1. Between A:I220, A:I266, A:I42, where does the largest GNM mean-square fluctuation fall for chain A, given springs only between Cα atoms within less than 10 Å?
2. Hey, rough spin-label estimate for A:V299 and A:R313, points 7 angstrom out along Cα→Cβ, what's it come to in nanometres?
3. For the protein assembly as shown, what is the calculated [θ] at 222 nm in deg cm²/dmol (nearest 500), taking -39500 (n - 2.57) for each run of four or more DSSP H residues and dividing by its residue count?
4. Sorted from largest down, what three extents in whole angstroms do the Cα atoms of region A:190-280 have along their principal axes?
5. If you build a Gaussian network model of chain A, linking Cα atoms that sit under 10 Å apart, which residue out of A:G134, A:G279, A:G179 swings the most?
6. Which residues in region A:294-320 place their backbone N less than 15 Å from a point set 7 Å from the Cα of B:E37 along the Cα-to-Cβ direction?
7. Hey, could you grab the Kirkwood Rh for region A:280-319? Inverse mean 1/r over distinct alpha carbon pairs, Å, one decimal.
8. I need the trypsin sites (Lys or Arg not before Pro) found in region B:1-86, filtered to DSSP loop residues with at most 14 other beta carbons within 10 Å of theirs.
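The values are calculated or read from the model by the stated rules, or taken from the named source; none is laboratory data. From a predicted model like this one, the values you see are computed outputs, not experimental measurements. FYI the Cβ positions are ideal-geometry reconstructions off the backbone, even for glycines, and counts take in every protein chain you see. Areas reflect the complete protein model, heavy atoms only, side chains present, ligands, DNA and RNA absent. Shrake-Rupley method; radii C 1.70, N 1.55, O 1.52, S 1.80 Å.
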Amino acid sequence: MTKSINIAKLEARFQAKVDAEQKIEPKDWMPEAYRKTLIRQISQHAHSEVVGMLPEGNWILRAPSLRRKVALLAKVQDEAGHGLYLYSAAETLGINRDELFEQLLTGKAKYSSIFNYPTQTWADIGTVGWLVDGAAIMNQVMLTRTSYGPYARAMVRICKEESFHQRQGYEILLALSQGTEEQRKMLQDAVNRWWWPSLMMFGPSDAESTHSAQSMAWKIKRKSNDQLRQEFVDATVRQAEYLGVTLPDPDLKWNEERGHYDFGKINWDEFWAVVKGRGPCNKNRLKTRRKAHENGAWVREAAMAHAEKRAARQKEEGIA
Amino acid sequence: MDKKSWPLWEVFIRSKSGLQHKHVGSLHAVDAQMALENARDVYTRRNEGLSIWVIPSSQIVASEPEDEYIFEAAKSKVYRHPTFYDIPDEVGHM
Ligand SMILES: [Fe+2]
Ligand SMILES: [Fe+2]
């Protein structure tokens, strides 16, 4: 009985701290559910950064110029870094890296469904930078103000790096838009395929979103899925017009009254199918990650054995 | 899975001369040398640093948030602050 009273007291103190916009730090008391939610969300985010390297890595060797190649390489390298910042943040919550990897590799943990779509042409690389990184930025800018300190700090670092990702993507598309008829077609085709999956990146609509209300109360999230999605649409329409591409939604139009763009219905059946593993690349992405992890095992073991041997030798010499 | 996981290191970066090293995050590495190299690759890709410190996370000794009382003593000592002392305006800035 006293234990539950204590927990109620601690929870009230925790919530008061969150409400007062004070950050929660690793050693602070936090409700078990808050910790679990954060581990799930931060690790999913980290896995997304890591798996997100695969569709883009696919084009590094086929980039059309050295300029494009160094930019794409640097972007993919950044995504690896983002994965690492986030794994580090997750580890402050008491889970270790190996467990996190295992959750990804066994399919227990999810990553953003967007990365289960294939990158078929060079225009896809531009479109991914523009729309996929663009959508991620909306979400990540919000998360720089999330209530958990290490997560917020990782986000600040990530956001500083993301703007280059979106700009290099948009620049690729600008070049295509000013190119040949064939290049413009390729651009339009890529946008047709990536537009709706990009909107799905914000997750289910608020009415359907199971974790949202609690996450908002804990200030892990500061804006709802639908709110972020709307901001993304509003910001993107003008960029599409400048490129001269059509966004594949006949219902997309400015709503004077709301001061926002209206847009059509999202195909949530497709969204859930991809989440549940039936997207075009789910199997391939996991297989590739697993293979990379397994192929690297001997390197990780050898490096550790070498370091231990050297430490033992230094100790011995020190004693002698 | 690996037989043994790599230890965790905390990374501190001096962003420019004249500033102190600041904690930026952590990483895994087998030894100090690798921790430094990884820290360079992960935390200074855009010239964010002139100097790196890495410290095994297990070596950090930290106070506990529950032990707030250790900071209590300072709270009552208002006389440690300049505003505690009344100096007439005419004296000028002091
Ligand atoms: Fe990223
Ligand atoms: Fe990115």
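1. Result for chain A, Cα springs under 10 Å: A:I266 fluctuates most.
2. About 2.3 nm, to one decimal.
3. Working: 16 runs with 228 residues, N = 414.
Rounded to the nearest 500, the figure is -18000 deg cm²/dmol.
4. 40, 36, 18
5. Greatest mean-square fluctuation among the candidates belongs to A:G179.
6. Label zone hits: A:299-308, A:310.
7. Values: mean 1/r = 0.0805 Å⁻¹.
Mean inverse Cα-Cα distance, inverted, gives 12.4 Å.
8. Details: sites: B:K3, B:K4, B:R14, B:K16, B:K22, B:R40, B:R45, B:R46, B:K75, B:K77, B:R80; in loops: B:K3, B:K4, B:K16, B:R45, B:R46, B:K77.
Passing sites in region B:1-86 are B:K3, B:K4, B:K16, B:R45, B:R46, B:K77.
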